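Peer 1: Dropping a structure here in structure tokens format, bear with me for questions.
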Amino acid sequence: MFEDLTPGKHLLFDNTNIADTYQLTRIVHQPTRDPASPVFIPEEDWEGQYVTPLNVTFDTVLNKYRMWYQAHDMRVEKERKELNNSPHGNVGPPQPIYLCYAESTDGLKWNRPALDIYRYKDGRATNIVFKGHSYAAGNTFVYQPDAPADRRYLMVNCDWQSTQSGGIYIAASPDGLHWSYINDKPLIHGESDTWNCLIWNAQRKVYMLYMRAWHSAAWGWTKDTLPGKHDVGPWKGNPRRRVSYSESPDLLSWSEPQIIYSPDELDTNDFYCMQVFRYEDYFLGMLWLYDDDQRETIDVELAWSRDGIHWRRHPQRPKFLPCSRAGERPEYMVIPAQQPTAVGDDLFLYHVSHRSPHSQEKTDAVSYRTRLRRDGFVSLEASRLPGTLITRPFVLQNDHITINARADQGEIVAELVEPWWYDPSGKAIEGFAAKDFDIIRENKVSHRLSWRGKSNLSTLIGRRIMLRLALYHAGIYSVTV
């Protein structure tokens, strides 16, 4: 049995919030670079060869952007590997990867404050805020303003204290600058050396953690395992590149990790990782598609879920963030920040673009800012043939209804109907039929619907209704009831 819509904003990634559509096409929109030139590159000696924005927020109290980013010095990484003090050269000093902090008033020009938490080898104060034991990369954040003061910020990190104790650690901070681990040993043992994503599910009261896979099918197999000793097969590359999931009510006890998302017949062999974030009534995932067989590239597709465990994508698998764009210099990997930054009517997403394949040394990378309209991930579109949709029923509890829609080259018409079993089209409510509607011919993130100049719907509060829309050369992104 379908549930009625609840008050609030509803996105249109799938038909969960919709009773039916007709002659509408669902489009996944790519964010556009804004500006076209890079906005973040290494400037300090300790930043190495490339920097990667990990988390960017806009602080409405301070009226400024805050960025946490990874600094990666390939020369130091080579030096540590040559010491041969661990199987993969990833334990102990010198440390090549760490977390830094920057601020900006416009999101384009960034200031690196001298915080004096860590000093450079020549004694200078730096903007480094976290190093962990041996590794600090791919960190994702949870901000909980109502948590105890020393745990307002949480960060998940894959780290190695020794060759025997590698895995998932969680750090806490009162201000996002001064960090310390909450655990002495890994909370989840194993190697998940990618962007591990931690989010808080307020509805279920659990922390949700997305990692590299445990118990993957190809792990441990080699060409010598099979009778034919084939030269190609699942043992090529890293067999753990799937999306694995674990959850915890308290950050200390975690469920057994399980694979929740694997490549299918339309995919490459590897899901490098998935960055998950909450947006309105959906969980959204930026899924990294890694072509480990031929091109050594990483593109990003958009996935969505209602519960954060069962995921869907557009059936045509369009790229949300392609590694290369037509007419521009070829690039091989695009690595986005944890989630978009909402400012006004815009969503800004920062990412680093690598101009070298994954298998080569990553010394040529720059960071861009991209822009989407608010709610602008996916829309339902109509062109020369009018298209229509009707929402699931809802009990009206507000005195107005708004839609986020683009109709500056066409028009949108709406009517309110009551679910009526004797007529499958519904029963138009008098005074709120299509013939009474004030036609929309604008592009706005918030159109307040009105009929004959009347947008106040207080006379309908408490009634169970449905919203029906007709679009012509127009698109719609969300409905707020």
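Peer 1: If you go through region 389-404, how many residues are open to solvent by less than 20 Å² (accessible area, probe 1.4 Å) and among the basic types (K, R)?
Peer 2: 0
Peer 1: Considering only region 332-356, state which residues are surrounded by fewer than 22 Cβ atoms within 10 Å (Cβ to Cβ) and without any contact (Cβ under 8 Å) to a residue 60 or more places away in the chain.
Peer 2: Residues satisfying the conditions are G344, D346, R355, S356.
Peer 1: Do you know which residues across region 443-481 are part of a loop (DSSP other than H, G, I, E, B) and either open to solvent by less than 50 Å² (accessible area, probe 1.4 Å) or in contact with a helix residue (DSSP H, G or I) (Cβ under 8 Å, 6 or more places away or on another chain) (or both)? Outline the logic, then answer.
Peer 2: The initial filter retains those residues of region 443-481 that are part of a loop (DSSP other than H, G, I, E, B), namely 449-450, 452-453, 455-457, 461-463, 473, 481.
Correct list: L449, S450, R452, S455, L457, V481.
Peer 1: Out of the residues in region 357-380 that are modelled with pLDDT of 95 or more and of a type in the set (V, I, T), state the one that is surrounded by the fewest Cβ atoms within 10 Å (Cβ to Cβ).
Peer 2: Per the criteria, the residue is T370.
Peer 1: Of everything in region 405-442, what is open to solvent by 70 Å² or more (accessible area, probe 1.4 Å) and either in a strand (DSSP E or B) or touching a helix residue (DSSP H, G or I) at 6+ places or on another chain (Cβ under 8 Å) (or both)? Give them in sequence order.
Peer 2: Matches in region 405-442: K427 only.
Peer 1: Moving to a separate point now. Would you check which residues across region 159-195 are open to solvent by less than 10 Å² (accessible area, probe 1.4 Å), among the polar types (S, T, N, Q) and at pLDDT 95 or above and list them?
Peer 2: If the condition is that a residue be open to solvent by less than 10 Å² (accessible area, probe 1.4 Å), among the polar types (S, T, N, Q) and at pLDDT 95 or above, then S173 is the only one that fits.
Peer 1: Name the single residue, out of those in region 241-286 being of a type in the set (A, V, I, L, M) and surrounded by fewer than 22 Cβ atoms within 10 Å (Cβ to Cβ), that is farthest from the chain's Cα centre (by Cα).
Peer 2: Here the answer is L252.
Peer 1: Collect the residues in region 138-154 that are part of a loop (DSSP other than H, G, I, E, B) and open to solvent by less than 60 Å² (accessible area, probe 1.4 Å), keeping them in residue-number order.
Peer 2: Within region 138-154, the first condition is being part of a loop (DSSP other than H, G, I, E, B), and the residues that meet it are 138-139, 144-148, 152.
Scanning region 138-154 gives G138, N139, Q144, A147.
Peer 1: Considering only region 320-341, state which residues are among the hydroxyl-bearing types (S, T, Y) and more than 19 Å from H358 (Cβ to Cβ). First the steps, then the outcome.
Peer 2: Applying the first criterion (among the hydroxyl-bearing types (S, T, Y)) to region 320-341 yields 324, 332, 341.
Residue satisfying the conditions is T341 alone.
The values are calculated or read from the model by the stated rules, or taken from the named source; none is laboratory data. Since the structure is predicted, the reported quantities are computational estimates derived from the model, not experimental observations. Cβ atoms come from the backbone with ideal geometry, glycine included; neighbour counts cover every protein chain shown. We work out accessible area using only protein heavy atoms, side chains counted, and drop any ligands, DNA or RNA first. Shrake-Rupley method; radii C 1.70, N 1.55, O 1.52, S 1.80 Å.
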